[in-house]
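Taking it in order: structure first as structure tokens, then the write-up.
The values are calculated or read from the model by the stated rules, or taken from the named source; none is laboratory data. Since the structure is predicted, the reported quantities are computational estimates derived from the model, not experimental observations. Counting neighbours? That spans all protein chains shown, and the Cβs are built from the backbone with ideal geometry, glycine included. Keep in mind that these areas ignore ligands, DNA and RNA; they rest on the heavy atoms of the full protein, side chains included. Shrake-Rupley method; radii C 1.70, N 1.55, O 1.52, S 1.80 Å.
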Amino acid sequence: MVGKLTRYDRATSSIISIIFDESPYQTPNQALKTAIDARNGIYPEQWQNNRQRTGDLLEPVLIQEASNRLGLINVNADVDYKDSHPFLPLEASLDGIAEADNLLVSANEDIGVYLPHASNYKMNGKVVIECKCTSTYPNADEPPKYLGVLQLQSSMEILDADYGILIVLYQSTDLRIYVYKRNPAFADQLKEKVGDFDRRVKEEDYYPPNLSADAYIMHKEVED
């Protein structure tokens, strides 16, 4: 795992769930403030808590294991560069990337493979990889959108990849591999959200507040 490669002052795959207002951890205005601050030369402190450091340590092992289970080839579990969308102000720093060569993949819970929107795929070409470690339990056939789903979809658009896999390690031993096919309808949603976010960064135009914390961001002159 390398340090942050993408810019703070624009949309990235890692904050797409926040921009889409699907994150339980941050509001769109909090992500927007970070980007506006960065545009003005103020950058957040980079740090990791214990769980994040452990997750980074496990990522390469999980990516290689998931790739072996699926039969992916040319696996890179240590991507040290960023990718940019061809025309949107959007960047991604992938957890991993691999390739598929006429690979038939079917759902198989015995080896932790899940296809949320199909029974099987014939995969070819680039395969985008995102990896998450979480202390939560899986409670549905598909992870929530904030747990890598939107991030993976946006990275697939950036890389022009037809397929992606989301690796989620639940509760330290429950490894699940979710295989996704690119969704053409998502591209229009992404274009709208990213374009609006970029405009708001440049104009310092915050979203309507949803929480009191948002109001404090927007009205810095107010005292506690």
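Considering only the stretch 165-180, how many residues are exposed (fewer than 15 other Cβ atoms within 10 Å of the Cβ) and among the charged types (D, E, K, R)? Full working, then the answer.
First pass over the stretch 165-180, keeping only residues exposed (fewer than 15 other Cβ atoms within 10 Å of the Cβ): 171-174.
This time we only want the ones that are among the charged types (D, E, K, R), so: 174.
So the answer is 1.
Rundown of residues vs (1) farther than 30 Å from Gly125 by Cβ; (2) in contact (Cβ under 8 Å) with a residue 12 or more places away in the chain, yes/no style:
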site: Gln30; (1), (2): yes, yes
site: Glu45; (1), (2): yes, no
site: Asn49; (1), (2): yes, no
site: Pro60; (1), (2): no, yes
site: Ala66; (1), (2): no, yes
site: Arg69; (1), (2): no, yes
site: Leu72; (1), (2): no, yes
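Starting from residues that are surrounded by 15 or more Cβ atoms within 10 Å (Cβ to Cβ) and among the small types (Gly, Ala, Ser), keep the ones in the stretch 2-13 and report whichever is nearest to Asp80 (Cα to Cα). First the steps, then the outcome.
Residues of the stretch 2-13 surrounded by 15 or more Cβ atoms within 10 Å (Cβ to Cβ): 5-13.
Subsequent filtering for residues that are among the small types (Gly, Ala, Ser) retains 11, 13.
Values: Ala11: 19, Ser13: 16 Å.
This residue is Ser13.
Conditions (1) on the phi > 0 side of the Ramachandran plot; (2) touching a Gly at 6+ places or on another chain (Cβ under 7 Å); (3) among the aromatic types (Phe, Trp, Tyr), marked per residue:
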| position | (1), (2), (3) |
| --- | --- |
| Asn74 | yes, no, no |
| Asp80 | no, no, no |
| Pro86 | no, no, no |
| Glu99 | no, yes, no |
| Asn102 | yes, no, no |
| Ser106 | no, no, no |
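All but one of (1) under 21 Å from Ile15 (Cβ atoms); (2) in contact with a Gly (Cβ under 7 Å, 6 or more places away or on another chain) hold for Arg200; state the number of the condition that does not hold.
Exception for Arg200: condition (2).
If Asn124 passes every condition in (1) in contact with a helix residue (DSSP H, G or I) (Cβ under 6 Å, 6 or more places away or on another chain); (2) assigned to a strand (DSSP E or B) but one, which one does it miss?
For Asn124, the exception is condition (1).
Starting from the stretch 139-167, keep only residues that are without any contact (Cβ under 8 Å) to a residue 12 or more places away in the chain and among the hydroxyl-bearing types (Ser, Thr, Tyr), then list their pairs with residues that are open to solvent by 50 Å² or more (accessible area, probe 1.4 Å) and not in a loop (DSSP other than H, G, I, E, B) whose Cβ atoms are within a distance under 8 Å, requiring at least 6 positions of separation or different chains.
Pairs that qualify, where the first residue is without any contact (Cβ under 8 Å) to a residue 12 or more places away in the chain and among the hydroxyl-bearing types (Ser, Thr, Tyr) and the partner is open to solvent by 50 Å² or more (accessible area, probe 1.4 Å) and not in a loop (DSSP other than H, G, I, E, B): there are none.
Restricting to the stretch 175-198, name every residue that is within 20 Å of Glu22 (Cα to Cα) and among the charged types (D, E, K, R).
Within the stretch 175-198, Arg182, Asp188, Lys191, Glu192, Lys193, Asp196, Asp198 qualify.
Return the residues of the stretch 123-138 that are surrounded by fewer than 18 Cβ atoms within 10 Å (Cβ to Cβ) and touching a residue at least 40 places away in the same chain (Cβ under 8 Å); say none if nothing qualifies.
Ser135
Can you give me the number of residues within the stretch 111-122 that are on the phi > 0 side of the Ramachandran plot and without any contact (Cβ under 8 Å) to a residue 24 or more places away in the chain?
So the first thing to find is which residues in the stretch 111-122 are on the phi > 0 side of the Ramachandran plot, and the list is 112.
Restricting the remaining residues to those that are without any contact (Cβ under 8 Å) to a residue 24 or more places away in the chain gives none.
The total comes to 0.
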